[in-house]
1. Of the numbered conditions (1) touching a helix residue (DSSP H, G or I) at 6+ places or on another chain (Cβ under 8 Å); (2) farther than 14 Å from Phe169 by Cβ, Val121 satisfies every one except a single condition; which is it?
2. Evaluate the following for Ala140: is it among the small types (Gly, Ala, Ser), touching a Leu at 6+ places or on another chain (Cβ under 8 Å) and at pLDDT 95 or above?
3. Taking interchain pairs and intrachain pairs at least six residues apart, which have beta carbon atoms under 6 angstrom, with the first residue in region 116-136 and free of Cβ contacts under 8 Å to residues at least 60 places away in the same chain and the second of a type in the set (Asp, Glu) and not in a strand (DSSP E or B)?
4. How many of the residues in region 61-98 are over 24 Å from Asp20 (Cα atoms), assigned to a loop (DSSP other than H, G, I, E, B) and either open to solvent by 70 Å² or more (accessible area, probe 1.4 Å) or in contact with a Leu (Cβ under 7 Å, 6 or more places away or on another chain) (or both)?
5. Kindly evaluate Leu189 against the criterion of being in contact with a Lys or Arg (Cβ under 8 Å, 6 or more places away or on another chain) and either assigned to a helix (DSSP H, G or I) or at pLDDT below 95 (or both).
6. Can you tell me which residue in region 1-56 is least open to solvent (accessible area, probe 1.4 Å), limited to those that are of a type in the set (Gly, Ala, Ser) and without any contact (Cβ under 8 Å) to a residue 60 or more places away in the chain?
7. Of the numbered conditions (1) open to solvent by 40 Å² or more (accessible area, probe 1.4 Å); (2) over 20 Å from Leu25 (Cα atoms); (3) at pLDDT below 95, Asp118 satisfies every one except a single condition; which is it?
8. Name, by its number, the condition in (1) within 16 Å of ligand 3 (Cβ to nearest atom); (2) assigned to a helix (DSSP H, G or I); (3) of a type outside the set (Gly, Ala, Ser) that does not hold for Lys103.
Amino acid sequence: MALSFENRIKYIVRYMYDIDNNGVLDQNDFDCLAVKNTIIECKGDFPKAAFENNQLIMRNLWNEIAELADFDKNGEVDVDEFKNAVITHCVGKPFADFPNAFKAFIENQFKSVDVDGDGLVGLNEYRQDVITRAAFSDIAVIDNAWNKLLSDTDRAAGGITLPRYQELFSNFIANKDESHPSCYLFGPLMKL
Ligand SMILES: [Ca+2]
Ligand SMILES: [Ca+2]
Ligand SMILES: [Ca+2]
């Protein structure tokens with residue numbers, strides 16, 4: 001099932017963290033994330049200070065994730081290790097009680113999706129984010145997922161605020177309920 005807890009964990013590992021695509025998380029993914037996030041934040045520019053800041057954030061993040069999840073201490077975090085860390089530290093907890101490494105990652109992710117930096121993820125930004133991970137022949141598929149994701153409060157606000165993104169992201173990785181709207185945070189999911 002595309003929306004199952006297991007599949008959502010695989011999705012996070014595959015599309016959010018394992019950006020060099022070798023099937024596991026390691027230091028290199030986080031080095032690549034520092035480069036990627038700098039380019040996105042600075043809209044193609046690459047100022048040294050911004051990069052060094054991102055590099056520091058990502059090195060710290062990797063060290064914390066490794067400490068929480070690299071159970072066999074081989075320098076890599078595989079899907080099972082990541083899942084066990086999520087079950088231990090996140091399942092059944094609100095965002096505020098997540099380990100710092102997860103919280104920092106989620107806030108960073110919000111920054112990279114909120115391209116215009118107005119503190120809100122709108123439909124245009126959602127579409128731009130969703131198409132970086134999958135291909136669609138019909139825009140309605142993306143927009144339907146957006147409509148399932150949004151609550152009436154989100155609709156009234158015109159999109160997703162940071163606190164709301166934190167809530168949705170934490171439900172995406174830590175709520176086993178497959179009918180929860182947070183399942184659509186990253187667009188229509190496919191089975192991995
Ligand atoms: Ca990797
Ligand atoms: Ca390991
Ligand atoms: Ca925005």
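The values are calculated or read from the model by the stated rules, or taken from the named source; none is laboratory data. As the structure is a computational prediction, the values presented were derived from the model and not from experiment. Please note: Cβ atoms are built from the backbone with ideal geometry, for glycine as well, and neighbour counts cover all protein chains shown. Note: areas computed on protein heavy atoms with side chains; ligands, DNA, RNA excluded. Shrake-Rupley method; radii C 1.70, N 1.55, O 1.52, S 1.80 Å.
1. Checking Val121 against (1) touching a helix residue (DSSP H, G or I) at 6+ places or on another chain (Cβ under 8 Å); (2) farther than 14 Å from Phe169 by Cβ, the one that fails is (2).
2. no
3. Val121/Asp114
4. Adding up the residues that qualify gives 3.
5. yes
6. Ala34
7. So the condition that Asp118 fails would be (3).
8. (1)
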